[in-house]
Amino acid sequence: MPKGTQDYSLTKRAFAKQNFSEEQIVELQNCMDPISGPAFFMEHFVKIQHPTKGGIKFEPFEFQERLIHTYSSIVTASTCCLDRQVKQHVRPHTYFGMQCL
């Protein structure tokens with residue numbers, strides 16, 4: 001890894017072997033569930049970066065939970081008619097990022 005000011009301690013090197021505990025395997029299975037997996041992943045592993053409080057655990061509002069369910073239940077494409085800049089932009093990026101794992 002390159003040296004500098006960036007911290008790569010959370011990044012696994014390519015082809016590195018890693019052992020998983022039983023708890024981690026159960027969490028992975030919960031994340032991969034097609035119905036409730038995206039919501040489980042976001043509520044347990046996603047943090048929102050706050051300018052003064054730092055990383056805050058993601059706690060979705062009711063409308064965000066509906067969006068998560070909409071994105072995860074419609075596999076091919078989802079179109080939601082929403083106002084701009086009302087916190088929905090986090091959901092599709094997080095969900096589709098999780099699908100790339």
Give a residue-ordered list of calculated ³J(HN,Hα) values for region 54-71 (Karplus: 6.51 cos²θ - 1.76 cosθ + 1.60, θ = phi - 60°; whole Hz; x for Gly, Pro).
-> x, x, 10, 4, 6, 10, x, 6, 4, 5, 6, 5, 5, 5, 4, 4, 5, 5
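Using the number of other C-beta atoms within 10 angstrom as an exposure proxy, rank S36, S21, S73, S9 with the fewest first.
The fewest-first ordering by Cβ neighbours comes to S9, S21, S73, S36.
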What nm value, rounded to one decimal, do you get for the distance between K17 and S73 when each label is placed 7 Å out toward the C-beta?
-> 4.4
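Read-outs throughout are calculated quantities, based only on the coordinates presented, and are distinct from any laboratory measurement. Keep in mind the model is a prediction, meaning the values are calculated, not measured. Glycine gets a Cβ as well: all are built from the backbone with ideal geometry, and neighbour counts include every protein chain shown.
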